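Enquirer: Quick one: the structure is below, questions incoming.
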Amino acid sequence: MPRRASQMLRFIVVGGSIAGVACAYALQQAGHQVLVVEQGDGSHGGIRSPPNMTRLLNHWGLGPAIARVSIKADRFTFMDGKSGEELGFLVLHEKLMKALAADFLYMQHGALHAMFVEYAKSAGVQFRYNTEVVSVDPWKGMVITRKGARLSADVIIGADGYRSVVRPVVVGPEGMKGVLDKRVSVNITVPTDLMRQHKDLVKLTVSPEWSLWLGDDCAMHGLLTVQYAVVMHVPTDGKPAQNSWDRSQPLDEKFLKLDRFEPRTQKLVKLAQTMTPTSHTIYEPFDNWVHESGKVVLVGEAAHPLMPNGSHNAAMSIEDAMTLSTLFSLPAAKSHTSILLSAYEELRQPRCAATQASELRKRDFVCLPFGPGQQARDDGLRDARARALLDWDEAEEEFLRDTWEEYIDLFAFDAREAVEDWWTKWGPAISRPRMPDSRIESAARKFESSRLEAGGF
Ligand SMILES: Cc1cc2nc3c(=O)[nH]c(=O)nc-3n(C[C@H](O)[C@H](O)[C@H](O)COP(=O)(O)OP(=O)(O)OC[C@H]3O[C@@H](n4cnc5c(N)ncnc54)[C@H](O)[C@@H]3O)c2cc1C
């Protein structure tokens with residue numbers, strides 16, 4: 001049972017996708033009153049729930065419902081895109097997953113989203129659909145909609161994604177200067193009933209493995225949800241693609257560089273009629289996620305626009321929601337809102353920046369252009385093949401460390417524990433009963449200066 005806040009706050013969440021609805025649900029559960037304002041509706045494709053995300057979903061009690069709509073991954077298989085040769089594996093050993101106490105799952109974006117909406121509604125969250133926010137007054141804690149409605153709250157949460165309208169209010173113009181990513185990622189959903197009509201594709205409709213085909217300067221990966229969810233990473237050739245999850249377009253083989261892949265994967269992709277490309281702008285991590293008024297905060301892609309279709313987009317949003325809701329369930333007063341928002345920023349920024357860097361590194365690793373670098377990568381994967389298939393206990397320690405260190409850092413992180421640790425350090429000073437205002441101020445100042453010394457922002 002989640003802890004309940006001692007004082008109820010009113011939150012408006014701008015954007016009702018995964019980050020927004022997860023925040024809304026968790027904050028409402030923590031005893032606050034939440035309104036979600038969403039401009040549209042709709043959903044697409046597959047997402048991954050790594051253990052660091054699954055653990056939080058389980059904590060919220062969503063585990064049994066998630067189990068009904070997800071598939072548990074057992075390994076990642078790397079293949080040569082051109083020949084289909086299996087180059088190597090990353091096996092999710094049972095012993096490791098047990099230690100992480102949560103699974104690596106695949107599911108449809110829409111299934112997770114629908115589940116959160118249902119849970120949020122039954123927890124009492126209010127929703128306003130077809131309501132586009134056009135501006136935010138951070139000092140008044142107010143959002144203004146296209147139809148002219150003015151809605152105010154104690155805290156506005158900007159969960160409005162990649163092209164957030166709330167972000168510039170918090171980050172300022174400096175934070176808007178990104179560079180176009182050299183690759184675009186494309187979502188393609190292939191109906192499994194069509195795949196079953198092809199002998200060489202049937203295996204993919206039952207396998208819990210995540211298959212990655214490494215092509216020349218591009219890559220493709222696929223996993224089973226209800227349908228088969230394919231993502232392709234292809235060079236942009238300098239042209240930005242659309243950036244909307246809602247608009248699919250006819251499949252374009254040339255755009256997808258399909259000729260760089262083996263016939264079986266070409267056939268797989270061609271079974272889909274449409275594709276949804278999402279281009280991506282890479283930003284330096286933003287310095288501020290909280291407006292100086294202490295009334296506006298960013299979460300999800302609005303705060304940390306990660307490469308679309310990575311393994312951790314939804315996970316970082318869920319971690320944001322857990323961090324924010326755990327902070328706002330602490331026995332703190334309304335006057336501590338700014339401190340709690342600063343703590344959220346401090347806890348989330350380094351984690352999200354490291355995850356973004358790791359995601360881009362991994363994407364570039366699977367997309368190496370053919371040449372010496374790619375050959376060295378493939379030789380390394382071939383070399384490690386036999387060791388990767390060994391049982392966890394039989395594998396060499398050095399191999400396990402080299403292979404797993406970065407993943408374990410990502411997977412073992414517990415956003416709830418991070419807040420508990422923060423509270424153990426700062427809670428006694430902040431929550432002391434009848435603490436005079438001057439002492440609250442002094443605890444807050446101490447916390448702020450410790451962040452500055454640590455180079456937080
Ligand atoms: C419809 C949809 C489908 C997606 N499908 C996939 C998928 O298949 N695979 C995948 O890996 N990722 C998908 N994503 C992205 C994924 O949701 C994010 O990467 C991440 O998991 C959560 O990000 P977010 O909630 O911060 O932002 P987003 O998911 O980008 O959501 C932002 C939300 O804010 C709303 N919004 C934006 N501006 C305004 C405004 N001015 N006023 C009101 N509302 C506003 C948008 O309509 C949207 O619902 C999808 C996103 C959307 C919106």
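Enquirer: Sort out for me the Cα centre separation of the stretch 320-367 from the stretch 106-143, rounded to whole Å.
Expert: 19 Å
Enquirer: Could you give the nm distance between label points at Arg10 and Arg361, where each point is 7 Å from its Cα heading toward the beta carbon?
Expert: 4.6 nm
Enquirer: For Met79, enumerate residues with amide H under 5 Å from its amide H, sequence gap 5+ or separate chain, H modeled in the peptide plane.
Expert: So Met79 has HN proximity to Leu87, Leu212, Trp213, Leu214.
Enquirer: Right, next: Sort 93-100, 70-77, 151-158, 13-20 by the packing proxy (mean of other Cβ within 10 Å over each peptide's residues), most packed first. Walk me through the intermediate numbers first.
Expert: Details: 93-100: 14.8, 70-77: 18.8, 151-158: 23.0, 13-20: 28.1.
Ranked from most to least packed, the peptides come out as 13-20, 151-158, 70-77, 93-100.
Enquirer: How many percent of the accessible area of the chain is carbon or sulfur, using a 1.4 Å probe?
Expert: 51 percent
Enquirer: Suppose the chain between Ala354 and Asp402 were pulled fully straight at 0.36 nm per residue; how much longer would it get relative to their current alpha carbon spacing?
Expert: 15.5 nm is the gain from fully extending Ala354 to Asp402.
Enquirer: If the cut-off is 18 Å between C-alpha atoms, which aspartates and glutamates fall inside it for Lys182, apart from same-chain ones fewer than 8 positions away?
Expert: Asp216, Asp217, Asp237, Glu284, Glu359, Asp364
Enquirer: Charges only on Cβ, +1 for Lys and Arg, -1 for Asp and Glu: so what's the dipole of the chain about the Cα centre, in debye to the nearest 20?
Expert: Using Cβ point charges on Lys, Arg, Asp and Glu, the chain gives about 1600 debye.
Enquirer: Ordered by packing density, taken as the mean number of other Cβ atoms within 10 Å over each peptide's residues, highest first, how do 229-238, 340-349 rank?
Expert: Details: 229-238: 19.0, 340-349: 22.4.
With the highest mean Cβ count within 10 Å placed first, the list reads 340-349, 229-238.
Enquirer: Rounded to the nearest 500, what is the 222 nm mean residue ellipticity of the chain from helices alone, with -39500 (n - 2.57) per DSSP H run of 4+ residues and division by all residues?
Expert: So the helix-based figure for the chain works out to -13000 deg cm²/dmol.
Enquirer: Considering the zone a paramagnetic label at Glu394 would reach in this model (a point 7 Å from Cα along the Cα-to-Cβ line), which residues of the stretch 76-100 have amide N under 17 Å from it?
Expert: Once the point is set 7 Å along Cα→Cβ of Glu394, 89-96 turn out to lie under 17 Å by backbone N, inside the stretch 76-100.
Enquirer: Hey, can you find the accessible area per residue of the chain for me, probe 1.4 Å, expressed in square angstrom?
Expert: Numbers: 19840 Å² over 457 residues.
Heavy-atom accessible area per residue stands at 43 Å².
Enquirer: Through the Karplus equation 6.51 cos²θ - 1.76 cosθ + 1.60, θ set to phi - 60°, convert the phi angles of the stretch 216-228 into ³J(HN,Hα) values in whole Hz; use x for Gly and Pro.
Expert: Going residue by residue, I get 7, 6, 7, 8, 9, 9, x, 8, 8, 10, 6, 9, 9 Hz, with x marking Gly and Pro.
Enquirer: Place the peptides 359-369, 102-112, 391-401 in order of packing, highest mean first, counting for every residue the other Cβ atoms within 10 Å and averaging per peptide.
Expert: 102-112, 359-369, 391-401
Enquirer: Within straight cross-link reach of Lys203, meaning Cα distance under 18 Å, which lysines are found once same-chain residues fewer than 8 apart are removed?
Expert: In chain and number order, the partners are Lys72, Lys267, Lys270.
The values are calculated or read from the model by the stated rules, or taken from the named source; none is laboratory data. This one's a predicted model, so the numbers in the text were calculated from it and none came from an experiment. Positions of Cβ are backbone-derived with ideal geometry, glycine not excepted, and every protein chain shown enters the neighbour counts. Heads up: the accessible areas ignore ligands, DNA and RNA and are worked out on the full protein's heavy atoms, side chains in. Shrake-Rupley method; radii C 1.70, N 1.55, O 1.52, S 1.80 Å.
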